[in-house]
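Everything below concerns the one structure shown next.
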Amino acid sequence: MHELGLVFEMARVIEESLAGEDVTAVDTVVMEIGEVSSVVPHYFESCFPAARQRPLFRDAKLEMEIIPAVGRCKRCGKEFSIVPTKGYCPQCGSFDKELLSGREFNIREVRVI
Ligand SMILES: [Zn+2]
């Protein structure tokens, strides 16, 4: 489980981006997590309270936006959701595809007080 490390990394990046600004505290962090990224949203959420050891994050809340995994078939060009089809193209059955989205792990928004 590497989510704890990612929580601290997220907090560090946010602290750096807020350095020098007149901010009392972080109210909410909105994270974008892709469906097939290496981050398990449930674990990330359960590790998030560890960030509250830091003064800026004392009362911070977490929101997560899950980005669906979408691929484009390299054989027939169809775009499709990867998770329900287990990665196979629903049109031609090929497994050969390009991933268009779903690996995201981004800080989308930081609401501050
Ligand atoms: Zn196809």
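The values are calculated or read from the model by the stated rules, or taken from the named source; none is laboratory data. Note that the coordinates shown come from a computational prediction; the quantities given were computed from them, not determined experimentally. Neighbour counts run over all protein chains shown; Cβ positions are idealised from the backbone, glycine included. Accessible surface areas use protein heavy atoms only, side chains included; no ligands, DNA or RNA. Shrake-Rupley method; radii C 1.70, N 1.55, O 1.52, S 1.80 Å.
Can you tell me the orientation of helix 3-18 relative to the chain, as the angle in degrees between its alpha-carbon axis and the longest Cα principal axis, to the nearest 10? Between helix and principal axis, roughly 60 degrees. The simple Förster model, with R0 at 30 Å and r as the Cβ-Cβ distance, assigns GLU9 and LYS86 a FRET efficiency of 0.45. With protein chains left intact and a 1.4 Å probe, residues in segment 3-112 average 58 Å² of accessible area per residue. What spacing in nm lies between the two simple spin-label points modelled at ARG75 and ALA25, each 7 Å away from Cα in the Cβ direction? Those two pseudo-labels are separated by 5.6 nm.
The accessible surface of segment 1-103, taken with every protein chain in place and a 1.4 Å probe, is 50 percent carbon and sulfur. Hydrodynamic analysis of the chain uses the Kirkwood radius over alpha carbon pairs. Inserted into Stokes-Einstein at 20 °C and 1.002 mPa s, it gives a translational diffusion coefficient of 138 µm²/s. When DSSP beta bridges are restricted to pairs lying wholly in the chain, around 65% turn out antiparallel. Each Cα pair under 8 Å and six or more residues apart adds its sequence gap; the mean of these over the residue count of the chain is a relative contact order of 36 percent. Packing, taken as the mean count of other beta carbons within 10 Å per residue, orders the peptides 106-112, 45-51 from highest to lowest as 45-51, 106-112.
Restricting attention to segment 3-112, lysine pairs at least eight places apart or on different chains and with alpha-carbon atoms under 20 angstrom apart total 5. Compared with the direct C-alpha span, the chain from ARG108 to ASP96 gains 1.3 nm at full extension, assuming 0.36 nm per residue.
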